[in-house]
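A quick write-up on the structure given underneath.
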Amino acid sequence: MTQKIAVLGTGKIGEALLSGMIRADWSPSDLLVTARRPERAEELRSRHGVTAVTNAEAAKTADTLILAVKPQDMAALLGELAPHVPADRLVVSAAAGIPTAFIEERLVQGVPVVRVMPNTPVLVDEGMSVISAGTHAAEAHLVRTEEIFQPVGKTLRVPESQQDAATALSGSGPAYFYYLVEAMTDAGILLGLPRDKAHDLIVQAAVGASVMLRDSGEHPVKLREAVTSPAGTTISAIRELERHGVRAALIAALEAARDRSRELASGGNG
C-alpha cells in the first residue's frame with residue numbers, strides 16, 4: 001500500500017531527506033511538503049515535483065509526518081496539527097532536544113512518535129541519524145523511520161535516555177572536526193605553508209583517516225600506533241597534545257554539550 005509522507009518545515013535538513021527519499025525511489029506524488037514562505041514551497045515543488053500543502057492538510061493526508069522545524073517552533077506547530085492528527089499517524093521529530101513526551105502530550109492519545117537526531121552530513125548523504133522510540137512506537141514505526149533516513153547516511157537506534165549523549169557526540173560532532181581542521185590549518189600557516197595548501201593537506205588527511213577508521217575495523221589506537229614511529233615526529237606531537245590536556249578537554253567539551261542538550265530538553269534557554 002502506498003504511504004504518503006509529509007515533511008513539515010522543509011529547510012536544509014528537510015530538503016535533504018526529501019531528495020534522499022526520491023533517490024531511493026519514493027514517488028514525488030507521495031511526498032508532501034510544507035514551508036512557511038510561499039516562494040519556498042514553490043521552489044520545492046519546482047525542484048522535486050512534490051506537492052506543497054498546509055500543515056493541516058499534511059496532517060489529514062499523510063501517513064507519516066516528519067517534523068523538521070526548529071525546536072522553538074515545535075509547540076506552535078503541534079498546536080496547529082493537534083486537531084487533525086489521528087492516532088494511526090506516525091510522527092517523526094527531527095527537532096533537537098525535543099523529547100517524545102513533549103509531542104505525545106500535545107497530540108491525541110496513542111500517536112506513535114519517533115525521535116531522530118540527524119547531523120548536517122545528511123546534506124552529502126554521509127549523515128548519522130540517531131533514532132529513539134516514543135511510548136507508542138512499535139518496531140514497524142522504527143523500520144519506517146530507518147527507511148526514510150537511510151538514503152542520507154547511516155542510522156542507529158538508541159534508548160531515548162541516550163539521546164542527549166548522542167546529540168553531544170554525533171549531532172554536534174561535525175563542528176568539533178571543523179574546529180580541529182581550522183586549528184591545524186592555522187598551525188600549517190605558522191609552519192610556513194600557504195593557507196590553501198595547508199587546508200588541502202589537512203582535509204585530505206581527515207578524509208583518508210576517516211575512511212581507514214570506518215573500513216579497516218581497527219581500533220583507533222592501533223591506527224594511531226601505525227603512524228607513530230619511535231622517537232619520530234608523530235610521538236613528539238602526541239606528547240604535546242597530552243601535555244596540554246587535549247584528551248581531557250574533549251571529554252569535558254562533550255559533557256558540556258550533553259548537559260546543554262538536557263537543559264534544552266527540559267525547557268531551559270539560559
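The values are calculated or read from the model by the stated rules, or taken from the named source; none is laboratory data. Remember, predicted model here, so these are calculated numbers, not experimental data. Every residue, glycine as well, gets a Cβ built from its backbone with ideal geometry; the counts of neighbours run over all protein chains shown. Just so you know, the surface numbers come from the protein's heavy atoms only, side chains and all, with ligands and any DNA or RNA stripped out. Shrake-Rupley method; radii C 1.70, N 1.55, O 1.52, S 1.80 Å.
Return the residues of region 198-244 that are under 29 Å from the mean Cα position of the chain (by Cα), part of a loop (DSSP other than H, G, I, E, B) and more than 24 Å from Val124 (Cβ to Cβ); say none if nothing qualifies.
Glu218, His219
Which one of Lys4, Lys60, Lys70 is of a type outside the set (Val, Ile, Thr) and within 15 Å of the chain's Cα centre (by Cα)?
Selected residue: Lys70, the only one of Lys4, Lys60, Lys70 that is of a type outside the set (Val, Ile, Thr) and within 15 Å of the chain's Cα centre (by Cα).
In this structure, does Ala249 turn out to be modelled with pLDDT of 95 or more and over 26 Å from the mean Cα position of the chain (by Cα)? Spell out how you get there, then give the answer.
On the way: modelled with pLDDT of 95 or more: yes; over 26 Å from the mean Cα position of the chain (by Cα): no.
Here the answer is no, as Ala249 does not meet what is asked.
Working only within region 200-219, note down all residues that are exposed (fewer than 11 other Cβ atoms within 10 Å of the Cβ) and under 20 Å from Thr185 (Cα atoms).
Residues satisfying the conditions are Gln204, Val207, Gly208.
Name the residue that is nearest to Ser261 (Cα to Cα), counting only residues in region 165-202 that are out of contact with any strand residue (DSSP E or B) (no Cβ under 6 Å at 6 or more places or on another chain) and of a type in the set (Ser, Thr, Tyr).
Among those residues, the one meeting the criterion is Ser172.
Taking the stated definitions as given, is Ala52 more than 17 Å from the chain's Cα centre (by Cα), among the hydrophobic types (A, V, I, L, M, F, W, C) and within 21 Å of Arg262 (Cα to Cα)? So that I can check it myself, show each step before the final result.
Working: more than 17 Å from the chain's Cα centre (by Cα): yes; among the hydrophobic types (A, V, I, L, M, F, W, C): yes; within 21 Å of Arg262 (Cα to Cα): no.
Against the criterion (more than 17 Å from the chain's Cα centre (by Cα), among the hydrophobic types (A, V, I, L, M, F, W, C) and within 21 Å of Arg262 (Cα to Cα)), Ala52 does not qualify.
Would you point out the residue of region 86-106, among those that are at pLDDT below 95 and open to solvent by less than 10 Å² (accessible area, probe 1.4 Å), that is nearest to the chain's Cα centre (by Cα)?
Ala95
Do you know which residues across region 1-36 are among the charged types (D, E, K, R) and open to solvent by less than 50 Å² (accessible area, probe 1.4 Å)?
Residues satisfying the conditions are Glu15, Asp30.
Go through region 220-265 and report how many residues are free of Cβ contacts under 8 Å to residues at least 24 places away in the same chain, open to solvent by less than 90 Å² (accessible area, probe 1.4 Å) and touching a Leu at 6+ places or on another chain (Cβ under 9 Å).
Counting residues in region 220-265 that are free of Cβ contacts under 8 Å to residues at least 24 places away in the same chain, open to solvent by less than 90 Å² (accessible area, probe 1.4 Å) and touching a Leu at 6+ places or on another chain (Cβ under 9 Å) gives 2.
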